[in-house]
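Participant: Quick one: the structure is below, questions incoming.
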Amino acid sequence: MVMFVDDRENDLVIHKLIARMGDRSLNKEGHLEVKRLPSADYVIGEWGIEAKEHRLFYHSILGHGRSRTIVAQLHDLQENFENPMLVVYGTKWKPYTKGGPPRGAKLAQEIAKMVAITNKFKRDFHLRFPKIKFMQVSSMDEFVEYMVNMHKQLRIKGVTAQMPEFKKLPRRSPNLDHRIAVLVSLPGITEKMAKEILKKFGSIPKLLRSRTTLKSLMEVEG
């Protein structure tokens, strides 16, 4: 049974997995094959697994430096796999601003913002993606160990390697404002409504302030 890994996945993770499982391209006895995957970072039988390093998890939610947010990736995942899963590994935060790495009070402020946004995403996760299993582990090595063990257990159960017929889902424009991308990821919010919300409140931080009321939100058309 083969574990397929996307060739854009973290090189260090791939090397650690090859060391444990063997590279099938070099040895037919190997259990790891690296290739381009349309959806998921890892495929094991009917399992499709999207993996995110903890410090990059926040940036994937907002779509920083990416053509798509993690929301779009998860929609792909649950449409293409019988058993979809998201795994976040690591514990370190690494804030970065236009002027470089923040320090002092600015560092604490940036970390607090990252924590708030990721925690909100995790709290709402199972309501938005009820089909997808979520797990968080403390380190890359723990993630590698989990993947190796998962492959071993499925192989013992006689699960065979297979690739799904990937569905092509509509994709949002890569130039979409990341603030709008965040808002439209919420159920029932259209791109037009997101633009009107930003027009009224000015920014997402202002929208999230405690004094924002349901009445003020209802003033936005839609």
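Participant: Could you please give the count of residues in the stretch 205-222 that are assigned to a helix (DSSP H, G or I) and more than 25 Å from Glu110 (Cα to Cα)?
Facilitator: 5
Participant: Sticking with this structure for a sec: Give the residue that is modelled with the highest pLDDT, with candidates limited to residues of the stretch 106-165 that are of a type in the set (Val, Ile, Thr) and in a loop (DSSP other than H, G, I, E, B). Spell out how you get there, then give the answer.
Facilitator: Step one: list which residues in the stretch 106-165 are of a type in the set (Val, Ile, Thr), which gives 111, 115, 117-118, 132, 137, 144, 148, 156, 159-160.
Then keep just the ones that are in a loop (DSSP other than H, G, I, E, B); that gives 132, 159-160.
Numbers: Ile132: 96, Val159: 78, Thr160: 71.
It comes out as Ile132.
Participant: For the stretch 83-96, which positions are at pLDDT 90 or above and either assigned to a helix (DSSP H, G or I) or of a type outside the set (Ser, Thr, Tyr) (or both)?
Facilitator: Residues satisfying the conditions are Asn83, Pro84, Met85, Leu86, Val87, Val88, Gly90.
Participant: Just need a number here: residues in the stretch 5-39 that are of a type in the set (Ser, Thr, Tyr) and either open to solvent by less than 50 Å² (accessible area, probe 1.4 Å) or at pLDDT 95 or above (or both).
Facilitator: Residues flagged as of a type in the set (Ser, Thr, Tyr) and either open to solvent by less than 50 Å² (accessible area, probe 1.4 Å) or at pLDDT 95 or above (or both) within the stretch 5-39 amount to 1.
Participant: List the number of the failed condition for Gln78; all other conditions in (1) within 20 Å of the chain's Cα centre (by Cα); (2) closer than 19 Å to His151 by Cα hold.
Facilitator: (2)
Participant: Going by the structure shown, is Ser25 touching a helix residue (DSSP H, G or I) at 6+ places or on another chain (Cβ under 6 Å) and of a type in the set (Gly, Ala, Ser)?
Facilitator: no
Participant: Can you tell me which condition Ala105 does not meet? The list is (1) in contact with a strand residue (DSSP E or B) (Cβ under 9 Å, 6 or more places away or on another chain); (2) more than 25 Å from Lys157 (Cβ to Cβ); (3) of a type outside the set (S, T, N, Q), and all the others hold.
Facilitator: Result: Ala105 passes all but (1).
Participant: I've got another one for you. Look at Lys52 and say whether it is within 16 Å of Thr118 (Cα to Cα) and either more than 12 Å from the chain's Cα centre (by Cα) or in a strand (DSSP E or B) (or both).
Facilitator: Spelling it out, Lys52 is indeed within 16 Å of Thr118 (Cα to Cα) and either more than 12 Å from the chain's Cα centre (by Cα) or in a strand (DSSP E or B) (or both).
Participant: Here's another thing I want to ask about it. I want to confirm something. Restricting to the stretch 1-41 and keeping residues that are touching an Asp or Glu at 6+ places or on another chain (Cβ under 6 Å), in a loop (DSSP other than H, G, I, E, B) and acidic (Asp, Glu), which single residue is nearest to Phe134 (Cα to Cα)?
Facilitator: Per the stated criteria, the residue is Asp41.
Participant: Same structure again: Applying the selection to the stretch 61-82, what residues are closer than 18 Å to Asp124 by Cα, of a type in the set (S, T, N, Q) and modelled with pLDDT under 85?
Facilitator: Thr69
The values are calculated or read from the model by the stated rules, or taken from the named source; none is laboratory data. Given the structure is predicted, the values throughout are model-derived calculations rather than measurements. FYI the Cβ positions are ideal-geometry reconstructions off the backbone, even for glycines, and counts take in every protein chain you see. These area figures cover heavy atoms from the full protein model, side chains too; ligands, DNA and RNA do not enter into them. Shrake-Rupley method; radii C 1.70, N 1.55, O 1.52, S 1.80 Å.
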